[in-house]
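Step one of this worksheet: look at the structure below.
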Amino acid sequence: MPPRTGDRDRCVTGIDGLDTILYGGIPRDNTVLLTGSCGTGKTSLALEYLIHGAVAGENSLFISVTEDSEKLLANIIPYKFFDRDLIKSGKLVFVDLPAMYERLGMTKSELTMEEIDLLVAAIGNLVKELGVKRLVMDSITSVCYKLKTPEKIRDFILKMGKILSDLGCTSVLVSEVAATSTGYSTFGVEEAISDGIVLMANMERRGDLLRTLQVIKMRGTMHSRAKYVLDLTPVGVLLVPLLKGGSAGT
Amino acid sequence: MTDTMAAENIARQLNEQAPGSAVSLQMNVDSYLDVLRGVLDVYANKRDMDTIYVTATISFEAIKRVMQALDIDTSRVYFVDCISHIMMGTAAAQKDEHASLVESPTMLENIMLKVEYLMRRSQSKEKLVVIDSINSLAIHNNNWILSEFLHILVSGLRAKEAYTVILTVEEHTTPEISNMVNLVCDQGIRAAKGE
C-alpha cells in the first residue's frame, strides 16, 4: 500500500478536523489557497492556523490587505487559546499591506513587473528577518486587483510561493470568490499555481445555510475530498462530515 | 410528582452500562418526568457527570423549568436547543451560558458540532449526551439522514467514551424509528407507566 502521508514534514494546523482531513497537516513549505465567498469563515480559519502556530512556538505573520489589523483583532473570535501576549512577544505579527505599499512608494493603481519584484523581495525580507514559519495573506485577491493581468498575477504568486517555500514558510493565501463562482479564484490563475486548495462555502439545504469546507487539492499528501460542515467556536474551528442523506435532490 | 422507584430503576440500568455505551430509553408520555429524574438526577448528577441535553421537543427554558420544579440540579446540564430558534424564542438562550442554539432541527450537522463543542468545554471525566427525542427529530428529518446522523454522532461519542441516551416516545414511534435506534444502541430500557 502506498504511504498515505508521504515523507514530507507536516505543518500541523492545530485545527483537529483539518489535520485529520490532511493526514496530519499541510506539507511544510506548501502555498495553499484558502478560497471561498464572503462569510464562509476564511479569515477566522486562517487566523486560527497562525495562532496555533504561534502557541507552538512558530513565528507567524498575518499580512492584511483589505482590513486594518486593529479592526481585525477587535472582531476576532474569543478563542480560548489566544493570548495577546503572542503579539507582544512577536510570535504573532500583523502587517498591513497598504502601509507596505506606501513605504515602497507603490502609489499607483497598477503595479509594474519591477514593483512586483520589489514587493516580493520586501515580503521575503520580512519573513527572513522575523523567522516566519507560517504566513497568511488576506486576501491575495485584493493584491491581484493591483496586478491586473494574468501574467503579472502568475509572476507574483510563483515568486511569492518560491521565496516563502525557500524560507521554510508554510503559507495560506486567502482568496475571495463570488458565491456563484464555479472556479476557485477570481482570476483563475491563483488556483492553478498553488500547492493546495481549501474551499470554504455556504451550502443551502432546504432553506438552511451550512458553512462547508472541502480540500480540493494538496500536493505532497493524500487527503479526504469529502465535504465537511464547520462551526466557528471559541475552541476553534470544528468540523463534522456533511450528511449525505440530505444532499439527495439538492 | 415522580415515581421514585421508576427513576431509580432507570438509573440502576444506566449504571450497568460500560463507558461509551449508547442506550435507547423508550418511554411513554406519562413517564417523562420519571425519565428526567432517573437520567439527570439519580444517574448523572450522582456520578458528577456533565450532561449535554439535546432538546428537539420543547425549548430548553421549558425543560429547565420542569427540572427545577423537580428539584433537579441543572448546574451541570448544558442544552443544545434545536427548537427555540424556529419558534423565534431565542432571547433567553442567547443570555444563558448553558444553552447553545441550533437554528433548526434539520441542521443535524450543527447539532453534532454543538455537542462536540460542549464535549470539548466540559471538564468532567464522564459525560452524558441525551437526545430528546428521536421522534421529534423525525418530524423534521427523513429516516435516511436521521439514521446517518445517529450513526456518526453515537460512533463519535463512543470513541470519546461518553454515554449516550436516546429518548424514544412509544406513542410516536414507528418500526423504522425503532430499527434506526436499535442499530446504534447497545441496550434498550423501557420506562413506561400504566402497565
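Being closer than 26 Å to B:Gly38 by Cα and touching a residue at least 60 places away in the same chain (Cβ under 8 Å), is that true of even one residue in region B:142-155?
Yes, some residue in region B:142-155 is closer than 26 Å to B:Gly38 by Cα and touching a residue at least 60 places away in the same chain (Cβ under 8 Å).
What's the number of the condition A:Asn202 fails, among (1) within 26 Å of A:Ala54 (Cα to Cα); (2) polar (S, T, N, Q); (3) in contact with a strand residue (DSSP E or B) (Cβ under 9 Å, 6 or more places away or on another chain)?
Only one criterion is unmet by A:Asn202, namely (1).
Could you tell me how many of the residues in region A:22-80 are within 13 Å of the chain's Cα centre (by Cα) and among the aromatic types (Phe, Trp, Tyr)?
The number of residues fulfilling the criteria is 2.
Which residues, counting only those in region A:138-180, are over 14 Å from the mean Cα position of the chain (by Cα), more than 21 Å from A:Lys128 (Cα to Cα) and of a type in the set (D, E, K, R)?
A:Lys146, A:Lys148, A:Glu151, A:Lys152, A:Arg154
Of the residues in region B:26-83, how many are on the phi > 0 side of the Ramachandran plot and either touching a Ser or Thr at 6+ places or on another chain (Cβ under 8 Å) or not in a loop (DSSP other than H, G, I, E, B) (or both)?
Just the residues of region B:26-83 that are on the phi > 0 side of the Ramachandran plot, to begin with: B:48, B:71.
Keeping just the survivors that are either touching a Ser or Thr at 6+ places or on another chain (Cβ under 8 Å) or not in a loop (DSSP other than H, G, I, E, B) (or both) gives B:48.
Matching residues across region B:26-83 total 1.
Look at A:Met113 and say whether it is surrounded by fewer than 20 Cβ atoms within 10 Å (Cβ to Cβ), more than 16 Å from the chain's Cα centre (by Cα) and not small (Gly, Ala, Ser).
So A:Met113 passes the test.
Quick test of your reading of the structure: B:Ser104 fulfils all but one of (1) at pLDDT below 95; (2) away from chain A (no Cβ under 14 Å); (3) touching a Cys at 6+ places or on another chain (Cβ under 9 Å). Name the failing condition by number.
Answer for B:Ser104: the failing condition is (2).
Any idea how many residues of region B:156-172 are part of a helix (DSSP H, G or I), at pLDDT 95 or above, more than 10 Å from every other protein chain (Cβ to nearest Cβ) and within 16 Å of the chain's Cα centre (by Cα)?
Going residue by residue through region B:156-172, those that are part of a helix (DSSP H, G or I) are B:156-159, B:170-172.
Within this subset, residues satisfying the condition of being at pLDDT 95 or above are B:156-159.
Next, from what is left, pick out any that are more than 10 Å from every other protein chain (Cβ to nearest Cβ): B:157-159.
Those still in the list that are within 16 Å of the chain's Cα centre (by Cα) too: B:157-158.
Selection size over region B:156-172: 2.
Somewhere in region B:150-159, is a residue basic (Lys, Arg) and touching a Gly at 6+ places or on another chain (Cβ under 8 Å)?
Scanning region B:150-159, I find at least one residue that is basic (Lys, Arg) and touching a Gly at 6+ places or on another chain (Cβ under 8 Å), so the answer is yes.
In region B:114-151, how many residues are at the interface with chain A (Cβ under 8 Å from one of its Cβ atoms) and surrounded by fewer than 17 Cβ atoms within 10 Å (Cβ to Cβ)?
Within region B:114-151, residues that are at the interface with chain A (Cβ under 8 Å from one of its Cβ atoms) and surrounded by fewer than 17 Cβ atoms within 10 Å (Cβ to Cβ) number 4.
Give me the residue from region A:22-38 that is under 14 Å from A:Ser139 (Cα atoms) and surrounded by fewer than 24 Cβ atoms within 10 Å (Cβ to Cβ) and, out of that set, modelled with the lowest pLDDT.
A:Cys38
What residue, of A:Ser171, A:Ser175, A:Ser181, is outside any helix (DSSP H, G or I) and modelled with pLDDT under 90? Before the answer, list the steps.
Details: A:Ser171 fails: modelled with pLDDT under 90; A:Ser175 fails: modelled with pLDDT under 90.
Of the residues listed, the single one that is outside any helix (DSSP H, G or I) and modelled with pLDDT under 90 is A:Ser181.
In the set B:Ile86, B:Ile111, which member is in a helix (DSSP H, G or I), out of contact with any His (no Cβ under 8 Å at 6 or more places or on another chain) and either surrounded by 15 or more Cβ atoms within 10 Å (Cβ to Cβ) or more than 8 Å from chain A (Cβ to nearest Cβ) (or both)?
B:Ile111
The values are calculated or read from the model by the stated rules, or taken from the named source; none is laboratory data. The shown structure was predicted, so the numbers you read here are calculated from the model rather than taken from an experiment. Cβ coordinates were reconstructed from backbone atoms using ideal geometry, including for glycine residues, and neighbour counts include every protein chain displayed.
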